[in-house]
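The values are calculated or read from the model by the stated rules, or taken from the named source; none is laboratory data. Treat the numbers as computed from the prediction; the structure is a model and nothing was measured. Cβ: placed from backbone, ideal geometry, glycine included. Neighbour counts: every protein chain shown. With ligands, DNA and RNA removed, areas are computed over all heavy atoms of the protein, side chains included. Shrake-Rupley method; radii C 1.70, N 1.55, O 1.52, S 1.80 Å.
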Amino acid sequence: MELPPRLFTLLLMLLEWTRPGLPSPLRPICDLRVLKHFIEEARDAQAAMLTCKEGCGLPEPVTVPQTKVDFSIWERKNALEQAQEVQSGLWLLNQAIGSLRASVTNTALQSHIDNSLINIFRIGKVLHSLNIQECNPPAGGVSGGEETWRVSSASELLQVHVNFLRGKLQLLLSNAPICH
């Protein structure tokens, strides 16, 4: 019997949290199929946005992480710097998608946006399982070294979300030291 990807991911997480016996640290989630699941759901949200005709816009431009990766610069960064960049990007995406959620009145799209927000939380749990600690940005936003830009449409925001998952997050997860 094949489980749908969403159910598979949820089962993995629940099994880790409810294991009987002595408390132990989370086992690392190194299977990139989990990331593929998050990317597919982000694409689903993007596709739903493209079909939305009414009640699906951003009230004002939002700040998002830069998704392009200069590999020579990325490879010179240590693991902590890479993790901080990804965590800051996830924080920005959470803020931006939360803003979108507050303005969307289309119920079909709301479901996809809610799922995107839940998945950002789940990605944080995956990073935690890899001993990548959560990095909270300062009260004023992300640190000065983080490259950002602003988008003014919901479709741009969801495209950034997909690209960020496929780019910087995938690079970080595929090179996580605990998985090698």
Task: Accessible surface of region 53-180 [probe 1.4 Å, protein heavy atoms]: carbon and sulfur percent - done: 49 percent
Task: Part-to-part distance (alpha-carbon centres) for region 86-118 and region 44-58, which is given in Å - done: 12 Å
TODO: For an R0 of 45 angstrom, estimate the FRET efficiency from the Cβ-Cβ distance between Glu54 and Gln133 and round to the nearest 0.05.
DONE: 0.60
TODO: Just order 156-165, 80-89 by mean Cβ neighbour count inside 10 Å, highest at the front, would you?
DONE: 156-165, 80-89
